[in-house]
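The values are calculated or read from the model by the stated rules, or taken from the named source; none is laboratory data. What you see is a predicted model; the values in this text were computed from it and never measured. Note that each Cβ is placed from the backbone with ideal geometry, even for glycine, and that neighbours are counted across all protein chains shown.
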Amino acid sequence: MRFSNIATAAALSLVSASPAPAVDTSPIRAEISYEQPPEPWTVMGPPAAGTEFFNLKVNSSDAAVTNQWVSLKGKNYVLGGTTQSAAAKFFAIKYNETGTYSLLNSDDTRQVVLQGANTTLLYFTDVTSPTGGSIPAGQAWEWSIFTTDANKLWLNDGSTAQLRTWAAMKQTDNSYRVALFDGVGPIGGTPVPIGISIVKTT
């Protein structure tokens, strides 16, 4: 699912000075090539017995970030070192309608959401039960758009952008957050291109 509240906020600012008919303030779904699929879960709670868990491992030509595992720091997914046992554990739920997956942590309410001020740079973030209505004004969110071909994590959100890449973004505390960079737009900081592999939890 790909949602944005940016267009909604702009629309409201344009009509606020005019006593026009009531404006629909529901979030606008933008740049999406398929209908919103139904949520795949019916019960919120731990995954069923037998669910396969996996970790995410980063590879890069940059020695500062390669061979590190993705871990959770607060609500942010970061590079957490080279020890697999310290990595965040994920499982996936597939949308048959789109062939994409929800990426979840711990239970089926906590999804990995790509979150940012715009689609130039979207950070991996832990969000509980995301919906179109929960997106703050001025932000873009994407979730349930992941693919896992050949045990490589990627996405299919309808975008035709050719230069997108997963990236590690260095923070002021010297940690690296995991993000999706569009490969074009100006951002603060220097993105380190990375690949993300899916590795079964040991």
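The residue that is nearest to K57 (Cα to Cα), among those in region 100-124 that are surrounded by 19 or more Cβ atoms within 10 Å (Cβ to Cβ) and of a type in the set (V, I, T), is V112. Summed over region 49-61, the residues that are surrounded by fewer than 12 Cβ atoms within 10 Å (Cβ to Cβ) and charged (D, E, K, R) give a count of 1.
Here A161 meets each of (1) within 29 Å of A64 (Cα to Cα); (2) buried (at least 21 other Cβ atoms within 10 Å of the Cβ) with one exception, condition (2). Going by what's in this entry, would V127 be described as free of Cβ contacts under 8 Å to residues at least 60 places away in the same chain, part of a strand (DSSP E or B), surrounded by fewer than 21 Cβ atoms within 10 Å (Cβ to Cβ) and not basic (K, R)? Yes: the conditions hold for V127. Against the definition (more than 14 Å from N76 (Cα to Cα), surrounded by fewer than 19 Cβ atoms within 10 Å (Cβ to Cβ) and either in contact with a Pro (Cβ under 8 Å, 6 or more places away or on another chain) or at pLDDT 95 or above (or both)), how does G195 come out, yes or no? The answer is yes for G195.
Would you tally the residues in region 69-80 being in a loop (DSSP other than H, G, I, E, B) and closer than 11 Å to V178 by Cα? Residues in region 69-80 being in a loop (DSSP other than H, G, I, E, B) and closer than 11 Å to V178 by Cα: 1 in total. Looking at region 88-105, I want the residues that are more than 19 Å from V199 (Cβ to Cβ) and have a partner that is of a type in the set (F, W, Y) and in a loop (DSSP other than H, G, I, E, B) with Cβ atoms under 6 Å, at least 6 apart or on another chain. Which pairs are those? Within 6 Å, the pairs are T98/Y34. Residues of region 135-153 that are under 14 Å from F181 (Cα atoms) and surrounded by fewer than 17 Cβ atoms within 10 Å (Cβ to Cβ): none at all.
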